[in-house]
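Working notes, structure below.
The values are calculated or read from the model by the stated rules, or taken from the named source; none is laboratory data. Keep in mind that this is a model prediction, so the values were computed, not measured. Note: ideal-geometry Cβ built from the backbone for every residue, glycine included; neighbour counts use all protein chains shown. These area figures cover heavy atoms from the full protein model, side chains too; ligands, DNA and RNA do not enter into them. Shrake-Rupley method; radii C 1.70, N 1.55, O 1.52, S 1.80 Å.
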Amino acid sequence: MSGAVDQLLARLRREDGVLVRVESTQGSAPREAGTWMAVWAEGLTATIGGGQLEFQATQEARELLDGKRAIDGIQRYPLGPSLGQCCGGVMFLSYQRITAADASALQRELVAQLQPVALFGGGHVGAALARLLAGLPFAVRWIDSRDGVFPDELPAQIDTEHSEPVQDAVAALAPGSRVLIMSFSHAEDFDVVIACLKRLRDRNDLPYIGLIGSKTKWATFSHRLEARGFTAKELARITCPIGVPGITGKEPEVIAVAVAAQLLQSLG
């Protein structure tokens, strides 16, 4: 597992670089505010959109890195006539020289910009999904009630949590978390679903709740949840089965791709 933040931190241990950030945009632009790339003497980590803009920003960052120029404040880049890009908008970039001393602060800052995901379950599908999400714009809280289920080394954007009972972790999730429920038992899945529905009643701050399983599993869960007093409108907030339609493979990696695609759709 390796995400862009990990690649930046690993290289920063060996050499200085320049962090180029998209501070804001106007009109049509290849990337959104918050996007970043790290520029090194040779090579890049991540991207701010490619094309002539990235080429020029890379040149200017290397001049800053070499001490050949200073770059103060936020720089404005019209994408049309001057850069020859057909987007036609404007991008505003900042430049920050970074060293190994900045690593901890950068890790906290860059991970905090990612969309929070709570992943309940450290089984085969959960592990495949964690590997995939490590390369996408998500900060993952990976939760299981069992000891020893998580890999020893994980990307910067994945935190693990042992929670027994597992549903107790729901109360402390970051607001706006997208929740994926795929524990080793249907009983745990059911308890986490109840905890999520109760949190929706109290705070309504979980925009996506996905439960792994078949239509038959969801029909059984629905009857039991209705008996607990949850309404049809509340149950409609749960997505089950999860994953974009049309992907039928049941291999963990295939399921992970379908679920990750659905998570990305939910950001829109």
Being closer than 20 Å to VAL166 by Cα and open to solvent by less than 80 Å² (accessible area, probe 1.4 Å) is the filter here, so list the residues in region 219-228 that pass it. PHE221, LEU225
Which one of these is open to solvent by 20 Å² or more (accessible area, probe 1.4 Å) and touching a helix residue (DSSP H, G or I) at 6+ places or on another chain (Cβ under 6 Å): ASP191, ASP205? ASP191
In region 14-31, anything within 20 Å of the chain's Cα centre (by Cα) and either more than 16 Å from TYR77 (Cβ to Cβ) or at pLDDT below 90 (or both) is listed as LEU19, PRO30
Complete set of residues in region 116-126 that are surrounded by fewer than 20 Cβ atoms within 10 Å (Cβ to Cβ) and either hydrophobic (A, V, I, L, M, F, W, C) or within 17 Å of the chain's Cα centre (by Cα) (or both): PRO116
Would you mind stating whether GLY210 is part of a loop (DSSP other than H, G, I, E, B) and either farther than 22 Å from THR239 by Cβ or in contact with a strand residue (DSSP E or B) (Cβ under 7 Å, 6 or more places away or on another chain) (or both)? no
I'm trying to understand the selection: among the residues of region 162-177, which are within 20 Å of LEU129 (Cβ to Cβ), open to solvent by 40 Å² or more (accessible area, probe 1.4 Å) and over 14 Å from the mean Cα position of the chain (by Cα)? HIS162, GLN167
So how many residues does region 16-42 have that are open to solvent by less than 50 Å² (accessible area, probe 1.4 Å), free of Cβ contacts under 8 Å to residues at least 60 places away in the same chain and within 17 Å of GLY67 (Cα to Cα)? 2
In region 231-252, the residues that are farther than 19 Å from THR216 by Cβ and surrounded by 15 or more Cβ atoms within 10 Å (Cβ to Cβ): GLU234, ARG237, PRO252
